[in-house]
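What follows is a short report on a single structure.
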Amino acid sequence: MKSYSILEINELLGGEIMGNTTHKITAPEQLESASETEISFIGTKKYEKFWQTSKACAAVVNQDIAIEPGDNRAFIKVKNADLAMSQVLDLFAPPPPVFKTDIHPTAVIDETAKIGTGTRIGANCYLGPNVVLGDHVTLYPNVTILDESTIGNHTTIWSGSVIRERCHVGTHCILHPNSTIGADGFGFRPCAESGLVKIPQIGNVIIGNGVEIGANSCVDRGKFSSTVLGDGCKIDNLVQIGHNSKLGRFCIMAGNSGLAGSVTLGNGVIIGGSASIKDHTTIGDGAIVGAGSGVATDIEAGKTVLGYPAIDARDALKQWAILKRLVRDSK
């Protein structure tokens with residue numbers, strides 16, 4: 001079991017220690033669940049009230065903390081408690097699953113596939129013709145990578161994920177279990193003779209560097225050309241990205257949100273959980289779409305929208321307040 005003194009943890013964080021604790025710290029934990037040998041964090045002032053009843057011996061806190069740590073307890077004051085706590089979590093993180101052999105004997109690898117230095121391939125993986133894996137790629141068991149796809153250096157792909165043909169994943173990416181890259185886009189047209197005709201989807205998916213895609217999320221291939229995710233995008237679990245959509249750099253999409261086909265997101269766009277974006281819509285740089293919202297028209301850069309249909313957040317809040325008053329006054 002790993003354990004550290006408060007001084008050792010502060011060497012990593014470079015903060016200011018307030019108070020002191022003689023306890024060796026064995027793990028990070030939430031305030032309400034922490035034991036006297038565990039460290040927690042207080043990211044906003046509204047959580048200060050929970051410190052008194054917490055058993056944690058230490059906490060990472062913002063510099064504007066307004067309470068004292070107490071007897072044999074300590075705070076580490078930092079500029080950003082959330083970011084500092086991520087360093088603490090990394091310090092205590094257990095090692096990843098073990099590979100006894102770099103390439104498991106049950107893996108099926110086409111003779112034309114190219115595999116970089118230090119790459120590990122788990123049991124029952126499949127690599128099709130002309131697949132290229134960079135250096136230090138990790139494929140956990142039961143990953144499928146189809147013909148002519150490429151995976152960049154230091155990318156990790158977890159079990160059950162499928163990378164379909166001719167798709168390209170950048171460096172330092174993480175694809176969580178059962179993510180699907182390059183499935184057919186949803187394209188059908190009515191036909192008097194046969195009902196619905198499937199439109200061929202002959203494009204691909206291009207994923208930039210440092211992208212993370214959550215479990216059971218889908219990025220569809222383009223009808224033609226490419227569906228593109230820019231560098232640094234972070235995609236939560238159960239997210240749908242439709243064909244020919246294009247995401248700029250460092251976009252965030254929370255769980256259960258979805259883009260229909262040919263949506264364009266600028267850089268740094270945030271899409272809240274369960275939000276839905278209509279096809280052929282453009283959302284400008286730095287815009288925020290609130291959780292559960294439905295976007296049917298273009299959104300200007302830097303704007304925050306809420307509601308269904310989504311409108312300016314300030315207008316939505318005013319409307320909701322008026323509706324509340326109407327309901328209250330009608331009683």
In Å², nearest 10: area of R120 left accessible to a 1.4 Å probe
70
When Lys and Arg each count +1 and Asp and Glu each count -1, what net charge do the other residues less than 11 Å away from D147, Cβ to Cβ, add up to?
-1
Probe 1.4 Å, accessible area per residue of the stretch 123-273, Å²:
39
Sulfur and carbon atoms: percent of accessible area, the chain [1.4 Å]:
55
Counting only backbone N atoms under 16 Å from a point 7 Å out along Cα-to-Cβ of N72, the residues of the stretch 23-62 in range are 23-26, 35-39, 54-59
Say R0 is 30 Å: what FRET efficiency, to the nearest 0.05, do F186 and A301 get from their beta-carbon distance?
0.60
Listed residue pairs exceeding 27 Å between alpha carbons, taken from K2/K46; K24/K234; K55/K79
K2/K46; K24/K234
At what distance in nm do the modelled label points of M1 and D279 sit from each other, each positioned 7 Å from its Cα along Cα→Cβ?
5.7
Ranking by accessible area, most exposed first, for T297, T21 with a 1.4 Å probe:
T297, T21
Residue separation between Y308 and V327 times 0.36 nm, minus their alpha-carbon distance, gives in nm 4.9 nm
Over the heavy atoms of T171, what accessible area does a 1.4 Å probe trace out, to the nearest 10 Å²?
40
Bins of 10 Å, beginning at zero and ending with the bin holding the largest distance: percent of Cα pairs per bin for the stretch 249-292, please.
34, 63, 3
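The values are calculated or read from the model by the stated rules, or taken from the named source; none is laboratory data. Everything numeric in this text was worked out from a predicted model, so none of it was measured. Reconstructed Cβ throughout: ideal geometry from the backbone, glycine too, with neighbour counts over all protein chains shown. Areas reflect the complete protein model, heavy atoms only, side chains present, ligands, DNA and RNA absent. Shrake-Rupley method; radii C 1.70, N 1.55, O 1.52, S 1.80 Å.
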